[in-house]
Amino acid sequence: KSCRLYVDPIDVLKQVVERCQIEQSNPDLPESATVAPHLLLFILQWTETFPNDFNRPALMEKLHEARRFCQNLDPSCSRGCNRLIQMLDNRLTDVKTKKKST
């Protein structure tokens with residue numbers, strides 16, 4: 001069981017991405033700085049810890065929006081973004097398989 005306070009995961013991801021967009025548009029941020037790797041790491045940790053959050057199509061759509069945001073900011077994140085989506089798909093498949101066998 002989880003002791004998380006409940007906030008709709010869609011709202012969490014939406015707010016985090018919006019905050020990243022605000023940070024990225026900060027004129028004082030050096031041109032070479034990007035929030036993309038930090039956002040990617042946050043999402044990676046989230047998907048590893050709570051993969052079932054991403055069973056909802058609406059959250060998966062938000063995840064793909066976040067992935068596009070990261071890739072637009074930093075094209076070098078593309079491989080990491082794609083790997084994250086693949087790992088999440090595999091993890092969700094494993095969870096579904098375990099549920100069916102019980």
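The values are calculated or read from the model by the stated rules, or taken from the named source; none is laboratory data. Because the structure is a prediction, the values reported are computed rather than measured. Every residue, glycine as well, gets a Cβ built from its backbone with ideal geometry; the counts of neighbours run over all protein chains shown. Side chains are part of the model used for accessible areas, which takes the heavy atoms of the whole protein and leaves out ligands, DNA and RNA. Shrake-Rupley method; radii C 1.70, N 1.55, O 1.52, S 1.80 Å.
Please work out the average accessible area per residue across the chain, using the 1.4 Å probe convention, and give it in Å².
70
What full-extension length gain, to one decimal in nm, is calculated for LEU44 and VAL7 as 0.36 nm per residue of separation minus the Cα-Cα distance?
Once the chain is fully extended between LEU44 and VAL7, it gains 11.5 nm.
Within region 1-86, what whole-number % of the accessible surface is contributed by carbon and sulfur, with the 1.4 Å probe and all protein chains included in the calculation?
Solvent-exposed carbon and sulfur of region 1-86 make up 54 percent of the total.
As I understand it, the dipole of the chain uses +1 on the Cβ of Lys and Arg and -1 on the Cβ of Asp and Glu, about the Cα centre. Which of LEU41, MET87, SER25 lies farthest toward its positive end?
So the residue furthest toward the plus end is MET87.
Compute the helix-to-body angle for 36-49: its Cα long axis versus the longest principal axis of the chain, expressed 0 to 90° and rounded to tens.
10
Along each of its three principal axes, how wide is the spread of alpha-carbon positions in the chain, in whole angstrom units, largest first?
Largest to smallest, the principal-axis extents are 54, 30, 20 Å.
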